[in-house]
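The structure under discussion appears below in the form of structure tokens.
Read the figures in this text as sums done on the coordinates, not as results from a lab. Since we're looking at a predicted model, the values are computed, not measured. Here the Cβ positions follow ideal geometry from the backbone for every residue, glycine too, while neighbour counts run over all protein chains shown.
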Amino acid sequence: MEKKYCSSPWRGLHLNFEGQIKTCCASDPNMLSPRNDDNKVKEDSRSIEEVLQSDVIKEVRASIKQGILHPKYCKGCIQREDAGFGSERSWHNNISPEFDCSAAELDDHKPTLIDVRWNNTCNLACTYCTSYFSTKWASIKGEQFNQTIKSDYQDIIDYIELHRDTVREVAMVGGEPLMMKENDRLLDILPDDVLITVITNMTTDFDRFPVPQKLLKRSRVGWSMSFDNIHERFEYVRWGSNWQTLDKNVTTVASRVKTSEQHAGIQAVYTIYNCTRLCELKEYADSKGLWLNWQHVWGDQLDPHQHNSAIKKLAIDELKRFRDNFTLNEGETVWVQNQLEQFQNKQGTKTKEFLEFTKDLEEKWHPDQKGQFAKLWPELVAVL
């Protein structure tokens with residue numbers, strides 16, 4: 001059996017807005033920070049360092065030292081890799097390529113990658129998102145779901161500052177990280193040579209918030225721009241957005257990339273909303289000099305693999321046009337092949353659920369969009 005290693009239990013730190021401490025965003029959320037019977041995270045007086053030196057994480061490290069991903073803690077990456085997708089494991093290993101898991105001590109933890117998700121503040125209510133990740137959705141649904149990290153803010157800042165000499169990359173994720181005042185302070189304490197990876201919807205006013213201005217001035221920033229369609233279809237899927245604002249911000253970042261070590265690209269979610277529109281997003285990305293990477297919606301009504309044969313045919317035809325009409329990198333080529341294979345392997349349909357989802361979305365939650373799906377995706381409406 002192939003041995004698989006991952007540096008994250010020794011070199012990662014992930015803090016989410018429920019107060020959970022992990023070493024990787026894909027790892028089991030409850031092993032290091034368990035929940036009560038009411039599904040709320042248990043109160044925990046331990047420091048970050050104490051959690052990262054607990055018997056539980058040492059058990060994970062002991063397994064990975066043997067080249068075996070922990071079946072529970074590492075389940076997220078195991079599932080993604082078994083399905084033919086990339087995983088967080090490769091991200092961590094690329095950041096610390098010199099780290100030898102097989103020779104590492106069980107109590108050796110020095111963070112090189114830090115991922116802090118302060119809260120769920122967000123200005124959008126994207127169709128496939130929830131109140132858990134978006135205060136906009138919470139507001140629309142009247143839910144008391146304004147998540148804020150429970151750990152003491154200053155304790156986190158102090159911990160990061162203590163380890164600032166070993167930190168190589170910091171991931172800013174949300175909600176919408178460009179809106180978060182906590183990231184403003186975080187940027188002030190990080191050396192300029194630390195790579196900042198920011199996953200952003202790119203629809204905030206860059207002149208209003210200090211975080212995007214500080215990022216544009218730094219030497220090393222990776223802009224992962226989260227959107228999946230263009231023009232009116234973009235505004236439908238990413239409800240609350242404005243295409244002109246996004247396009248202006250993308251142009252600003254693309255210009256900065258050309259004269260710096262910064263890099264930028266589009267992190268798109270492959271759904272029924274773009275399975276017939278891949279080429280137009282690729283054309284936009286190429287026109288701005290951006291890479292284009294795809295992630296997948298798993299097993300619900302927005303998954304194009306889960307629909308009727310007519311929709312599957314439209315999606316397959318578009319994948320082939322995408323493959324044949326553009327110069328793709330290795331990752332894009334593998335992704336296209338994986339999707340084509342998935343269309344052959346997956347059975348069943350979620351078409352009825354999607355129609356009900358769309359009706360509910362347009363009539364109940366986004367009434368200003370009523371009838372827009374039929375207008376913007378006539379090719380899908382014809383075969384639904």
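Below are the figures for this structure:
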{"item": "Highest average packing first - 177-184, 239-246, Cβ atoms within 10 Å", "result": "177-184, 239-246"}
{"item": "3J(HN,Hα) from dihedral phi, the range 124-139, Karplus parametrisation 6.51/-1.76/1.60, rounded to Hz, x for glycine, proline", "result": "10, 10, 5, 4, 9, 9, 9, 4, 4, 9, 9, 5, 5, 5, 4, 5"}
{"item": "Rounded to the nearest 20 debye, dipole of the chain from Cβ charges on Lys, Arg, Asp, Glu", "result": "720"}
{"item": "Helix-derived mean residue ellipticity, 222 nm - over the chain, DSSP H n ≥ 4, -39500 (n - 2.57), to 500", "result": "-11500 deg cm²/dmol"}
{"item": "Centre separation in Å (Cα based) which lies between the range 177-206 and the range 219-273", "result": "16"}
{"item": "Rounded to 5, the percent of DSSP beta bridges in the chain classed as antiparallel", "result": "20"}
{"item": "Angle between the chain longest axis and helix 153-162 axis [Cα atoms, degrees, rounded to 10]", "result": "70"}
{"item": "Backbone HN-Hα couplings from phi across the range 282-294 [Karplus 6.51/-1.76/1.60, Hz, Gly and Pro as x]", "result": "5, 4, 5, 4, 5, 5, 9, x, 9, 6, 10, 10, 10"}
{"item": "Cross-link reach list, aspartates and glutamates versus residue 217, counting only Cα pairs under 19 Å and skipping chain neighbours closer than eight places", "result": "169, 182, 184, 188, 192, 193, 205, 207, 261"}
{"item": "Those Cys residues of the chain for which no other cysteine Cβ falls under 4.7 Å", "result": "6, 24, 25, 74, 77, 101, 122, 275, 279"}
{"item": "Members of 141/352; 75/110; 141/288 lying beyond 27 Å, as alpha-carbon distances in this model show", "result": "141/288"}
{"item": "FRET efficiency, 1/(1 + (r/R0)^6) with R0 25 Å, evaluated for residue 90 and residue 328 via beta carbons", "result": "0.85"}
{"item": "The range 188-204 - phi-based ³J(HN,Hα) in whole Hz, Karplus 6.51/-1.76/1.60, Gly and Pro as x", "result": "5, 9, 8, x, 5, 7, 6, 6, 9, 9, 10, 9, 9, 7, 6, 10, 7"}
